[in-house]
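For reference, the structure is listed below as structure tokens.
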Amino acid sequence: MTLHVVQYSGGIGSWATARCVADRHGRDQLVLLFADTRAEDPDLYRFLADSTCQLGVPLTTVADGRTPFGVFADQRFLGNARIAPCTLHLKQIPCRRWLQQHTDPAHAIIYVGIDWNEKHRCAGIERGWAPWPVRFPLCEPPRLTKQQMLDQARALGLEVPVLYRHFDHNNCAGMCVRAGQRHWATLLEVYPDRYARAERLQTGLTPAGRKRQR
């Protein structure tokens, strides 16, 4: 019997992926695997609770225990749009550890919620999760847009994550280090307290920042 493991991030893409997998394979062997970065918007956890209840599948949570800036401090490296060690330490390693403990690659499939606009990422993701096979349902027809996924969730009675009012993702309370300048300008406008917090944390990681703290 095959175990179907969805990387369930709290984003609308992972929700749409879980719905697709549930419709195709049922819910008895469906796992919704959430890697908690301990730095998420409170509404993400609300959406996780509401959406897993609607799907009828309990949430399986793994966590390293650190936040992204905790990882940066330990690595002595500030994550950025090109290299983000937080993804490796807070998501990939805890999830892989769970997979090693609870699944057999010969009888488990991983599902990732990237859509057809990010199809170029598929090969790298497949290599990263080997020897487990990986599937990308949102890269297949009917190739929904993110707005269509949000509309579907609303039509089913779900309140969509609040960050989608301002951003195209629901990661790290809007403070994702992979985001670009336009994103951070929006964060400064709509969540100035979060922008200031990220600024303080970043400053504390720099040599100049550590010197000022002495």
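All of the numbers you see were taken from the coordinates with simple rules; none came from a lab. Values in this document were obtained by computation on a predicted structure and should not be read as measured data. In this analysis, Cβ positions are derived from the backbone assuming ideal geometry, glycine residues included, and neighbour counts consider all displayed protein chains.
Consider just the alpha-carbon atoms of segment 67-190 and return their Rg together with their Dmax, both in angstrom.
16.6, 48
Only bridges whose two residues both fall in segment 1-89 count here: according to DSSP, what percent of them are antiparallel, nearest 5?
Restricted to segment 1-89, the bridges split so that about 0 percent are antiparallel.
I'd like the FRET efficiency for Ala81 and Glu126, computed as 1/(1 + (r/R0)^6) with the beta carbon distance as r and R0 of 25 Å, rounded to 0.05.
Calculated value: 0.65.
Scan around Ala108 for amide H atoms under 5 Å from its own, H built in the peptide plane at 1.01 Å from N, and keep only partners 5 or more places away or cross-chain.
Leu3
Could you calculate the FRET efficiency of Ala155 with Arg200 from 1/(1 + (r/R0)^6), where r is the beta carbon distance between them and R0 is 30 Å, rounded to 0.05?
0.15
Efficiency by 1/(1 + (r/R0)^6): what FRET value for Trp116 and Gln92, r their Cβ-Cβ distance, R0 = 30 Å, to the nearest 0.05?
0.85
Could you size up the charge dipole of the chain around its Cα centre, putting +1 on the beta carbon of Lys and Arg and -1 on that of Asp and Glu, and report it in debye to the nearest 20?
For this selection, approximately 940 debye.
How high is the relative contact order of the chain, in percent, with contacts defined as C-alpha pairs under 8 Å that are six or more residues apart?
Value for the chain: 25 percent.
Report the semi-axes of the equivalent ellipsoid for the chain in whole Å, largest first, where each axis is √(5λ) for an eigenvalue λ of the Cα gyration tensor.
30, 21, 15
In segment 106-214, what GluC sites (Glu not before Pro) fall in a loop by DSSP, with at most 13 other Cβ atoms inside 10 Å?
Passing both the DSSP loop test and the Cβ count: Glu159.
Based on DSSP H runs of at least 4 residues, each adding -39500 (n - 2.57), what is the mean residue ellipticity at 222 nm of the chain after dividing by all its residues, to the nearest 500 deg cm²/dmol?
Theoretical 222 nm ellipticity from helices: -13500 deg cm²/dmol.
Taking H as built 1.01 Å from N, whose amide H comes closer than 5 Å to the amide H of Val31, not counting residues under 5 places away?
Amide H neighbours of Val31, under 5 Å, 5+ apart: His4, Val5, Val6.
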